[in-house]
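Take a look at the structure set out below.
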Amino acid sequence: MRILSIHNRYQIRGGEDESRQSEENLLREMGHHVEVYEEHNDRISTMNPLRVASKTIWSEESNQIIRRRLQQQPHDIIHVQNFFPLISPSVYYAAKEQGVPVVQTLRNYRLLCPNALFFRDGQVCEDCLGKFVPLPGVMHGCYRESRVASTAVASMITVHRTLRTWVEMVDVYIALTEFARQKFIEGGLPAEKIVVKPNFVNPDPGVGQGSGGYALFVGRLSVEKGLDTLLAAWEQLSEQMPLKIVGDGPLAPQVESAVKRLPSVEWLGRRPMPEVHQLMGEAKFLIFPSKWYETFGRVAVEAFAKGTPVIAANIGAIAELVDDHRTGLKFQPGNSVDLANKVEWALAHPQELSQMRLRARAEFEAKYTAQKNYSRLMEIYNQVQSAGINRG
């Protein structure tokens, strides 16, 4: 099978990019031909802002590039991973002109929300959900804290709603969880076109021992990730236990301050993935304190692969991934007291925690291996191809 993967990369490589690249590599390992069309946000600094806004709505450059590629070499599938901001939905139209099915993975909420997170002023915000024109996102400057930039994003969303791009130009959308699927349905995407396929971990990092005696956080140091909740919980623990924090981001000064106040907190900054997996395997549990509607929760699944339970906020997709008292524990999002209580419960119940380790690993093997993911992806691709043949 020949696949053309399309994505727009950001300056900082994140979970979305890791998951996309893992999928491309897996397809190559399984003998498929995968080509990549990529734009990078580094170009934005050299472009006129009006030009960037225009390309966000419709990039004729990307449309022509994809059209030429498909004319020069037939492809079986166009898989759009991320078109925002420089590629634009124009690539869907190029694919349709050449009769190539389009699959779009929904790695964030950009089609429904200008900032793609459903998160504003430190809490969940659904003001734009279900609105044909996402004006609240413009008024609040939700994209890059700029009303001008937010207007460009809102215009892209609205123009393509008007053109029925989201309904007619994409054959199948892939949501990463059922929670995310339901949000996109609420936002107006056709339910019959949205399937669920989670992310996965490849290669299998192997099971850890959980003998390190510490809790672990891995992720961006930002408000939506719940760093404030995590640090407040650690100040309230009756029995201090070591907490290792891996990552970087805007809340780094708060983490530095917490390290000075709390001897049990250690900030490791960014670490290479093999070292992160090693830390995960030896942690008693991973803490996932997000305040926003995660579309997935790759870090949690990586922890499961190592056999490490997850203490997670009961919100969004992560609440779907973690089975309370089976593969981890859940706490009320943003509630540091409840998080502290769950940590203390875990410390007081070592036998139960040991059982959770076994179940977490079993969850990974049942749902998040490369082979499980490949089978599901091929099922989706074959379904899209068959539908195209039938229409033809």
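If you wrap the Cα atoms of segment 215-367 in a convex hull and average its projected area over all directions, you get 7.8 nm². Annotation: amide H of residue 218 within the under-5 Å range of 246, 287, sequence separation 5 or more or interchain, hydrogens built in the peptide plane. Stokes-Einstein diffusion coefficient for segment 183-264 at 10 °C in a medium of 1.306 mPa s, Rh from the Kirkwood formula over Cα pairs: what value in µm²/s? It diffuses with D of about 99 µm²/s by this estimate. Near residue 123: Cβ cut-off under 13 Å, other residues only, Lys/Arg at +1 and Asp/Glu at -1. The net charge is -3.
Our helix-only sum for the chain, with -39,500 (n - 2.57) per DSSP H run of n ≥ 4 divided by its residues, gives a mean residue ellipticity at 222 nm of -13500 deg cm²/dmol.
Considering all different alpha carbon pairs of segment 49-157, the Kirkwood hydrodynamic radius works out to 14.8 Å. Of all DSSP beta bridges confined to segment 198-298, the antiparallel ones make up roughly 0%.
Shown here for segment 272-358: GluC sites (Glu not before Pro) in loop regions (DSSP other than H, G, I, E, B) with at most 14 other Cβ atoms within 10 Å, of which there are none.
For the chain, the calculated P(r) over all alpha carbon pairs, in 10 Å bins from 0 to the bin holding the longest distance, is 5, 22, 31, 25, 13, 3, 0 percent. Classify segment 225-295 from the C-alpha gyration tensor, please: rounded if a/c falls under 1.5, else prolate or oblate depending on whether a/b exceeds b/c. Rounded, since a/c falls under 1.5. Rounding to the nearest 10 and keeping the result within 0 to 90°, find how far the Cα-based axis of helix 15-29 lies from the longest principal axis of the chain. So the helix axis and the longest Cα principal axis differ by about 70 degrees. Three principal axis extents describe the C-alpha atoms of segment 135-207; from largest down they are 48, 30, 18 Å. Note on the chain: with a GNM built from Cα contacts shorter than 10 Å, the maximum mean-square fluctuation among 112, 163, 221 falls on 163.
Taking trypsin sites (Lys or Arg not before Pro) across segment 1-79, the ones in a DSSP loop with at most 11 further Cβ atoms lying within 10 angstrom of their Cβ are 13. Angle, helix 273-282 long axis vs. longest principal axis of the chain, Cα atoms, 0 to 90°, nearest 10? Tilt relative to the chain: about 40 degrees. Within the listed set 243, 251, 86, the Gaussian network model of the chain (springs between alpha-carbon atoms below 10 Å) gives the highest mean-square fluctuation for 251. Normalising by residue count, segment 47-113 has a Cα convex hull of 87 Å³ per residue.
Here the chain carries DSSP beta bridges of which approximately 5% are antiparallel, counting only pairs with both residues inside.
Every number here is computed from the coordinates shown, using simple stated rules; none is lab data. What you see is a predicted model; the values in this text were computed from it and never measured. Every residue, glycine among them, receives a Cβ derived from its backbone with ideal geometry; neighbour counts consider all protein chains shown.
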